[in-house]
Amino acid sequence: MNKLSFALFCLAVASQSNAKSNQDFDNDTANKYEERLSGLEQQFESSSRQVSLGGRLQIDFNGFNGAYNADNGGDFGAELFPRRARLSVDGERTDLEYKMILEFAEDTIEILLLRFEYVGFDDGPVIKFGKIREDISLDALTSSKHMALIERASVANTMSPYFRWGVSANQYFPTTGLRYAFGIYKNDAFGANGKDTDGALALAASGRLTWNLALDHEQLFHAGGWSSYREFGDEQLNGAFARAEIREPNVRLVDYSAGGQLVRLDYLSQHGFEAAWQNGPLLIQGEYAERRISTSDTSSELNRATYAGYYIQASYMLTGEHKFYSTSSARFNQPKGVANAWEIAVRASSMDATSDLQGTRAQSYTLGVSYYIDEDTKIMVNGIRSSVSGPGTLALVNTNTEGNAITARFHYDF
């Protein structure tokens, strides 16, 4: 019992004792005391909900060979590292909700998220501002707590800028199952630095539209699409798009500049489509997305180049639980209250960053198993096999065109 609750309890006991010993203490006065005590308890409970602390710790192991370690002749390499170490603060004040997440690395502390949400519009949109997650890609929007596999698909990591400074609005319509989200952000992702050639902000505009249909209490269908336009201000597009589904390889296998050169951009645009079907413990989902770049030098052979990728993934809760669909964010979360449960998952994915003379394409297959100790503690093991092709293959991985990896994770939320 906390100090305030104990004090209220003592006050209540004292009041009742005095009521019995004092004939002037009538029932009306006693009722007033009880009402005041009830009000104080509710006020304390409300204030205690205004701020809460939490965190996340993920310890990962990556073991890999072949293309993933081509810089070392394809020999076996390994890493043991903290994948995520985070502290969070969140709460609410009337119609304003807030959350901050600090990400701890070996040498730095980063504000990963600093989100304010205004929820005061009745039957209206939720307004978010601060450093917030852009609404791009079902896989990218799925929290690391709720993922069925250890890493996201290459196409999701290629397309999503994750957390950026900006403002957005989103709204869900229960009668139709439709949800929209649209935002304007500072674009300091993918190599852009957030400034244009005149020193003004380089901006990005992103939007996502989704629809869900609950077929019965265990079946649900989800479909959606998203689009994003991003100013670059003559900055250089990062060469490596994705690692091919492990976190710490020595070579990132999806690289548009392999065997060629990096280019500066005026802007890039990208869009994607997503779908999912849930039937009890089974969840099948997939996405397809494209990126098109517009180079600052319009004579560049990469001007208007298009890069595309996709994945299809299936997961199954062996112990019968089913994942929870969040209508407010249009994504799937792990089963509520899950404990002592097993999940298996499989994914096939591809990300093509090739043009006529440069770049690579990575095809990856992942098989994983997870054990949920409880809803905050999970152990995961994945096996991954990837192959590399395209005109930049020799420059990137020499003759090591295939790579294998095993990854493991201990996940703990508090």
Check: Which entries in 99/378; 145/323; 128/323; 336/378; 145/336 show an alpha-carbon gap greater than 18 Å?
Finding: 99/378; 128/323
Notebook entry, point to check: Label 7 Å along Cα→Cβ of residue 176; region 220-258 residues with amide nitrogen under 19 Å?
Noted result: 221-227
Next item on the list: Once you have a ≥ b ≥ c as the square roots of the Cα gyration tensor eigenvalues for the chain, tell me rounded if a/c is under 1.5, and otherwise prolate or oblate according to whether a/b is larger than b/c.
Entry: prolate
Next item on the list: Express the relative contact order of region 142-210 as a whole percentage, based on alpha carbon pairs under 8 Å and six or more residues apart in sequence.
Entry: 25
Notebook entry, point to check: For region 245-261, what does the Karplus curve 6.51 cos²θ - 1.76 cosθ + 1.60, with θ = phi - 60°, yield as ³J(HN,Hα) per residue in whole Hz, taken in order and with x for Gly and Pro?
Noted result: 6, 10, 7, 10, x, 7, 10, 8, 7, 9, 9, 6, 9, 4, x, x, 9
Notebook entry, point to check: Using only helices, what value at 222 nm comes out for the chain when you add -39,500 (n - 2.57) per DSSP H run of length 4 or more and divide by the total residues, to the nearest 500 deg cm²/dmol?
Noted result: -4000 deg cm²/dmol
Item checked: 3J(HN,Hα) from dihedral phi, region 128-140, Karplus parametrisation 6.51/-1.76/1.60, rounded to Hz, x for glycine, proline -> 10, 8, x, 8, 10, 7, 6, 7, 9, 6, 4, 5, 5
Note to self: Net charge within 12 Å of residue 387 by Cβ-Cβ distance, Lys/Arg positive one each and Asp/Glu negative one each, not counting residue 387 itself?
What the structure shows: +1
Check: Normalised by the residues of the chain, what does the relative contact order come to in percent, with Cα pairs under 8 Å and at least six apart?
Finding: 15
Check: Length gain on complete extension for the stretch residue 146 to residue 80, per 0.36 nm per residue less the alpha carbon to alpha carbon distance?
Finding: 21.6 nm
Margin query: Placing unit charges on C-beta atoms (Lys and Arg positive, Asp and Glu negative, everything else neutral), compute the dipole magnitude of region 192-262 about its Cα centre in debye, rounded to 20.
Written below: 100
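Quick note: the coordinates plus some simple rules give every number you see, no bench work behind them. These numbers come from a predicted model, not from an experiment. When we count neighbours, we look across all protein chains shown, and the Cβ atoms used for this are built from the backbone with ideal geometry, even at glycine.
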